[in-house]
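Each reported figure results from applying straightforward, stated rules to the coordinates on display, with no laboratory input. Small disclaimer: the values here were computed from a predicted structure and weren't measured. We place every Cβ from the backbone using ideal geometry, glycine too, and count neighbours over all the protein chains shown.
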Amino acid sequence: MDVFSSAKHRLRRRAFLRVAGGTAASAALVLAGCGTKTPEPVAVTNYRFPANDTGQLNYFYLLKQLLVGFYQQALAANPSGLQLGELDVLSDLRDHHVVHLQALNYALNSTPVIAQLTYTFTGLTLNTRAGLLAAAQTLEDLTLAAFNYSLPLLSSVDSLTLLAKMTSAQARHAATVRDLLDPTALAAPDAVLSQPGSQAAVASPVTVLTALTPYFAPFTFDGSLLPVA
């Protein structure tokens, strides 16, 4: 790939993300008109999500908070080997997750949400391009699978509308990271399933929270009460 083709490819990635950013920003603006009270976070060490839409929104809020924390630490690690333009793409990903956090904050309105946590990513290699992108793919794919699983289980039309838009943006995030790693991997077997039924990977709250447990320490989160398919 010559330098001009490579530059065009990087521009396509950022244009692809702008669609996600626009969707998230519009959702946040719509929700801003629904309430003006900022939720007060609660200090928790052990938290069980309740079995309703509020529990699910807090669950999504936690996942987005973790992704923001991940990209903050990853960018601060100044990873070696990043190609021209990739730092901007990763910054865009972080900023989109911040917008999602704000949208969820509005959606939760007066309901207490989980306080900002400090996440532990010591088990990940964030100071190299390969290590950072591999970790980003794992977290973005897992978050998308979480959204795919839980989205149909929401009961509120407003919550469903918001999360459907957010899920679409999350899919673009996961696809963008895969494209950075390997432009041929967007429809890889572990991302798009071949069996009948849903073609998107799904993961239950218990599965997701168990996989993310090392990054939450010393905090623990219990998703056993959240709706299941």
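In terms of the mean number of neighbouring beta-carbon atoms within 10 Å, the peptides 207-216, 170-179 order highest first as 170-179, 207-216. Between the amide H of THR128 and those of SER80, distances stay under 5 Å, these residues lying 5 or more places away or on another chain, with hydrogens modeled in the peptide plane.
If R0 equals 22 Å, the separation of the Cβ atoms of ASP222 and THR118 corresponds to a calculated FRET efficiency of about 0.65. Counting 0.36 nm for each residue step from VAL206 to ALA229 and taking away their Cα separation leaves a gain of 7.1 nm.
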